[in-house]
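See below for the structure under consideration.
The values are calculated or read from the model by the stated rules, or taken from the named source; none is laboratory data. If you're wondering where the values come from, they're calculated on a predicted model, not measured in any experiment. Neighbour counts are summed over all protein chains in view; Cβ atoms, including those assigned to glycine, are modelled from backbone coordinates with ideal geometry. Just the protein is used for accessible areas: all its heavy atoms, side chains included, with ligands, DNA and RNA removed. Shrake-Rupley method; radii C 1.70, N 1.55, O 1.52, S 1.80 Å.
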Amino acid sequence: MDLSAINPALLLASLMVAATPILLAAIGELVTEKSGVLNLGVEGMMITGAICGFAATIETGSPAIGFVAAAVGGALLSLLFAFLTQFALANQVASGLALTLFGLGLSSLLGQDYVGLKPPSTPQLDIPILSDLPVLGQILFRHDMMVYFALALVAAVWAALKFTRVGLILRAVGESHDAAHALGYKVVRIRVLAIMFGGACAGLGGAYISLIRVPQWTEGMTAGAGWIALALVVFASWKPWRVLLGAYLFGGVTVLQLNLQAAGLAIPVEYLSMSPYLITILVLVIMSSDRSKAPASLGRIFHASQ
Amino acid sequence: MKRRQIMTGAATALALVLSGGAWAESHSDKTKVGFVYVGPVGDGGWTYEHNQGRLAVEKEFGDAVETVFVENVPEGADAERVMTQMALEGADLIFTTSFGYMDPTINVAKKFPKVKFEHATGYKTAPNVSTYSARFYEGRAVQGTIAGHMTESNVVGYIGSFPIPEVIRGINAAYIHAKKVNPDVTFKIVWAYTWFDPAKEADAAKVLIEQGADVILQHTDSTAPLAAAAAAGNVIGFGQASDMAEFADGPRVSSIIDNWAPYYIQRTKAVIDGTWESAMTWDGIGPGMVGIGEITDKVPAEVKAEALALKDSIASGDYHPFTGPLKKQDGSDWLAEGETADDGTLAGMNFYVEGIEGDIPQ
């Protein structure tokens, strides 16, 4: 065993990269679920965002445009879900699963011409003094923009939900759509917007995988990250900062276990392999013992006539 | 209310179409050949090559044959469901193309004695179940030779999928031949526990590179490790299962190519002619089931010549990649001087050879 081969600074830096896709997708899904809608199509929206972002980056040469395209792509796909559940009043679980299947198929169709291409690299942020700090600089200040964007988004969602009127309305719709409706809020409109926000975030998360973390396009490349994000929202009890903690924990243990394997640690690999799931669930379950509850209207169909 | 019911009906129908759309209609007069894939056909590696084999079957027999495939089928209960569905829809021959489909294939084959099954890389047969595999370890020997010459840090990173004999054979073959040309070489092995997960494969490659590896060998299906090697610079890798030539101007210096097309055509023909019999096929570089992709100019000419000479001697049968003297990891004797490994030992290989560090997950 040679633990000295593991560089803690590099480990912490790659932790942030590994966590960012699920963090983005999870924070979007959190907003959707706070509005009372359960969208199981995260995986489908992520993979669609991954190919939209990849294709746009290849065509324009600009990763920034790629990320915008990914957000738009994810949001457009989520509109399909919004139509099915908010206007056609279809079952949310079934529609969400269908959305994932559809997204996987659609993305492989869109991606036909993009297999094997290499995207232009996304510039890393280079802050003159901070990036040059001995250890901290490497861990904290030498990432691409999206890592910081994801962090800022978590803070923004937390602040919006807690302090703003918009957040209050969103939560009201999610807790009791009938009461919110009686007060004159447009329940369906608010939910559609929340669904689109979730779709855009999932799209960004997907594009982060195809543009930065891997970076290339391969069919089915999100490989279940969307489901992890979904689970994360539940185990984080619908709280933004816990989503952040969960995502970093999951990303961190994933990278750490690979490092420990490569260093030849004498723990059976099976335990290392399951450790990201186990540790993340354990920590978040212990933290959620304060009886935080799901939004009361989560998954329920709303129609003004009922 | 009525409008809503119609819309709900439409949504349900949409969902059904989405999940059921992959199934084509069956025609009884044609020979129907089914393929079960573990990854997407666009993975650029393992499943891609199996699908190339399927397309070759279509091209060879034209209208006489109809092929169907289902991709991204998890190993386990889902696989059994997919195979049963294929058999029910009239498939005459079904190729199940991943190690983890072994027991599902045997189970389903019992229920459909008239349907022929072909399971890739497994070791269980039945009157209507054949197994077929390629001697990838022959290609690994060539890779190991190149890796041993090319590494400057003397650390070779190896991304394993699952600790099964096929993967362990590959590690051993690569290590033996890397060690032969470079006594200082060490292998760092990471088990990804997946055949296909680009993000995880990329992470594994990055970790190995961070820990000093400058050659990456992979036994997973996507091109992500090569992309990670390209991003790191000064790191080389190999195409796995498919040529992955798109990385040829970057990190990819050679590749192992699986060529299933001749086998698939031959077995389909056997079903059409009614001569199909259960068999265990295990072919290597010689018969052409394993190909070595072009070695790029990054590799010095003399190393390239040495690698090609090794390839030729394996193809002609003059040399066996597992030739003694070889010891097992625990120091016990395995093969005496000049002795070669028998297929039975190779098929069930569950030990490292001497010199590899770490334990095989049990």
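Placing unit charges on the Cβ atoms of the charged side chains and taking the dipole of chain A about its Cα centre, the candidate lying farthest along the positive direction among A:Pro215, A:Pro63, A:Ala98 is A:Ala98. Compared with the dominant principal axis of the Cα atoms in chain B, helix B:165-181 is inclined by about 20°.
For GluC sites (Glu not before Pro), the sites in the stretch B:140-222 that DSSP calls loop and that have at most 14 other Cβ atoms within 10 Å are B:Glu152.
Whole number in Å², please: accessible area per residue of the stretch A:29-162, 1.4 Å probe, ligands, DNA and RNA not counted. Mind dumping the intermediate values first?
Working: 5390 Å² over 134 residues.
Result: 40 Å² of accessible area for each residue.
Modelled spin labels at A:Leu168 and A:Val285, positioned 7 Å past Cα toward Cβ, are 3.7 nm from each other.
Need one word for chain A: rounded, prolate or oblate. Basis is the Cα gyration tensor (sqrt eigenvalues a ≥ b ≥ c); a/c below 1.5 gives rounded, then a/b vs b/c decides. Taking the square roots of the gyration eigenvalues as a ≥ b ≥ c, chain A is prolate. Averaging Cα coordinates gives a centre for the stretch A:23-100 and one for the stretch B:225-299; these two points are 36 Å apart.
Which loop trypsin sites (Lys or Arg not before Pro) in the stretch B:29-100, with loop taken from DSSP, have no more than 14 other Cβ atoms within 10 angstrom of their Cβ? Walk me through the intermediate numbers first.
Working: sites: B:Lys30, B:Lys32, B:Arg54, B:Lys59, B:Arg81; in loops: B:Lys30.
Nothing satisfies the criteria.
Starting from one equal scatterer on each C-alpha and no solvent at all, send me the Debye-based log10 I(q)/I(0) for the stretch B:119-219 at q = 0.15 Å⁻¹, two decimals. Log10 I(q)/I(0), no solvent term: -0.62. FRET efficiency for the A:Phe87 to A:Val135 pair, using the beta carbon distance and R₀ = 35 Å, is estimated at 0.05. The C-alpha atoms of chain B define a longest principal axis, and helix B:136-150 lies at about 40 degrees to it.
Which net charge results for the neighbourhood of B:Glu166, defined as the other residues with beta-carbon distances under 11 angstrom from its beta-carbon, given Lys and Arg at +1 and Asp and Glu at -1? All intermediate terms of the calculation are to be shown ahead of the outcome.
Working: positive: B:Arg135, B:Arg140, B:Arg169; negative: none.
Neighbourhood net charge equals +3.
Two tests apply to each whole DSSP H helix in chain A, Cα reach of 18 Å or more along its axis and mean Kyte-Doolittle hydropathy of at least 1.6, and the ones passing both are A:63-82, A:145-163, A:269-287. Remark: spin-label model distance B:Glu60-A:Asn7 equals 5.1 nm, labels positioned 7 Å along the Cα→Cβ axis.
Could you list which residues have their amide H under 5 Å from that of B:Thr67, counting only those 5 or more apart in sequence or on another chain, with H placed in the peptide plane? Long-range HN contacts for B:Thr67: B:Val33.
Note on B:Thr281 and B:Lys180: their simple-model spin labels are 2.8 nm apart, each label 7 Å out from Cα toward Cβ.
What Kirkwood Rh does chain B have if only Cα atoms enter the pairwise 1/r average? Answer in Å. Every distinct Cα pair counted, the radius reaches 21.5 Å.
Report the local net charge at B:Thr281: Lys and Arg +1, Asp and Glu -1, summed over other residues whose C-beta lies under 12 Å from its C-beta. Intermediate results must be reported in sequence, preceding the final value.
Working: positive: B:Arg135, B:Arg267; negative: B:Glu118, B:Glu277, B:Asp283, B:Asp343.
Neighbour charge sum, excluding B:Thr281 itself: -2.
Show the residues, 5+ positions off or on another chain, whose built amide H is closer than 5 Å to the amide H of B:Glu118. Excluding prolines and chain starts, which carry no amide H, the hits are B:Ile94, B:Phe95, B:Thr96, B:Ser130.
Is the protein assembly as shown best put as rounded, prolate or oblate by its Cα gyration tensor, with a ≥ b ≥ c the root eigenvalues, rounded for a/c under 1.5, and otherwise prolate when a/b is larger than b/c, oblate when not? It comes out oblate by the Cα gyration axes.
Between A:Tyr277 and B:Ala77, the FRET efficiency estimated from the beta carbon spacing at R0 = 25 angstrom works out to 0.80.
In terms of distances greater than 21 angstrom between alpha carbons, the cross-link table entries B:Lys179/B:Lys328; B:Lys188/B:Lys304; B:Lys59/B:Lys124; B:Lys179/B:Lys311; B:Lys180/B:Lys311; B:Lys179/B:Lys304 yield B:Lys188/B:Lys304; B:Lys59/B:Lys124. Can you work out the base-10 log of I(q)/I(0) for the stretch A:78-122 at q = 0.18, 0.23, 0.25, 0.28 1/Å, using the Debye formula on its C-alpha atoms alone? The Debye formula, applied to the Cα set alone, gives -0.63, -0.77, -0.83, -0.94.
Efficiency by 1/(1 + (r/R0)^6): what FRET value for B:Glu89 and B:Ser313, r their Cβ-Cβ distance, R0 = 60 Å, to the nearest 0.05?
Numbers: r = 47 Å, r/R0 = 0.78.
Computed FRET efficiency for B:Glu89 and B:Ser313: 0.80.
Accessible area of A:Trp158 (1.4 Å probe, protein heavy atoms only, ligands and nucleic acids ignored): about 90 Å². Excluding same-chain neighbours fewer than eight residues apart, the aspartates and glutamates reachable from A:Lys186 by a Cα-Cα span under 14 Å are A:Asp178.
Straight-line reach from A:Lys239: taking Cα to Cα under 20 Å and skipping same-chain neighbours fewer than 8 places apart, the aspartates and glutamates in range are A:Glu29, A:Glu33, A:Glu175, A:Asp290. Between rounded, prolate and oblate, where does the stretch B:255-360 land on the alpha carbon gyration tensor, with a ≥ b ≥ c its root eigenvalues, rounded for a/c under 1.5, else prolate if a/b exceeds b/c? Judged from the Cα gyration tensor, the stretch B:255-360 comes out oblate (a/c at least 1.5, b/c at or above a/b). Estimated purely from DSSP H runs of n ≥ 4, each contributing -39500 (n - 2.57), the mean residue ellipticity at 222 nm for the protein assembly as shown is -17000 deg cm²/dmol once divided by its residues. In summary, the stretch B:282-321 shows an alpha-carbon radius of gyration equal to 1.22 times the 2.2 N^0.38 Å reference for compact globular proteins.
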